[in-house]
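Below is one structure, written out as structure tokens; the observations come after it.
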């Protein structure tokens with residue numbers, strides 16, 4: 001009986017997660033071409049009709065080893081995106097992503113803004129950036145950008161596709177399908193008690 005109750009509980013949790021699972025992982029890309037680079041979010045993840053090109057164009061400056069500098073300078077006019085240097089555990093939301101806080105890229109109205117902050121990476125290091133994409137609604141997410149033997153790449157990234165605030169860091173949650181499968185497997189594997197034969 002305990003196993004049956006446990007299996008039902010796991011299934012209920014899985015269904016609740018399926019209804020509230022709005023965080024997409026692996027959403028960002030960093031493409032490096034010589035002395036320029038694009039940092040962006042896979043726009044096909046945004047709910048229709050919010051498809052936009054979210055790339056921020058950057059200068060990629062190779063400093064004397066072991067440093068590189070990444071400096072944002074523009075974005076496509078079709079996108080309204082802001083980026084900010086942040087820390088693991090910070091929240092990305094409407095109050096933390098106002099243009100005055102977005103020190104990496106604050107949007108087209110702020111091109112050349114005085115408080116702009118470049119990314120300076122040492123080999124083996126990473127930085128966190130929060131971002132907001134405004135396209136009908138605001139969508140919040142974050143990127144961990146790091147430098148290792150593969151070059152400068154996205155180490156981790158996530159975005160809430162329902163427009164809810166998101167906390168930087170963490171690991172992907174188990175999928176609802178996996179949790180449901182676990183629950184139903186336990187249900188199928190539970191042992192029936194033997195009924196003694198009476199003559």
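Each value in this text was obtained by applying a stated rule to the coordinates, not by laboratory testing. On a predicted model such as this, the values are computed, not experimentally measured, just so you know. Cβ sites come from the backbone with ideal geometry, for glycine too, and all protein chains shown count toward neighbours.
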Practice prompt. Provide the packing ranking of 54-62, 118-126, i.e. peptides ordered by the mean count of other C-beta atoms within 10 Å per residue, highest first.
Written response: 54-62, 118-126
Worksheet item: Could you list, bin by bin from short to long, the percent of Cα-Cα pairs of segment 23-172 in 10 Å steps?
Response: 12, 46, 35, 7, 0
Worksheet item: Between residue 33 and residue 88, 0.36 nm times their residue separation minus their Cα-Cα distance comes to what?
Response: 17.0 nm
Worksheet item: With labels modelled as points extended 7 Å from the Cα through the Cβ direction, what inter-label distance (nm, one decimal) is found for residue 61 paired with residue 25?
Response: 3.6 nm
Worksheet entry | Linear extension gain, residue 120 paired with residue 100, 0.36 nm per residue minus alpha-carbon span | 5.1 nm
Worksheet item: Any idea how far apart residue 42 and residue 69 come out in nm if each label point goes 7 Å out from Cα toward Cβ?
Response: 3.3 nm
Worksheet item: Kirkwood Rh, Cα Rg: Rg to Rh for segment 121-164?
Response: 1.12
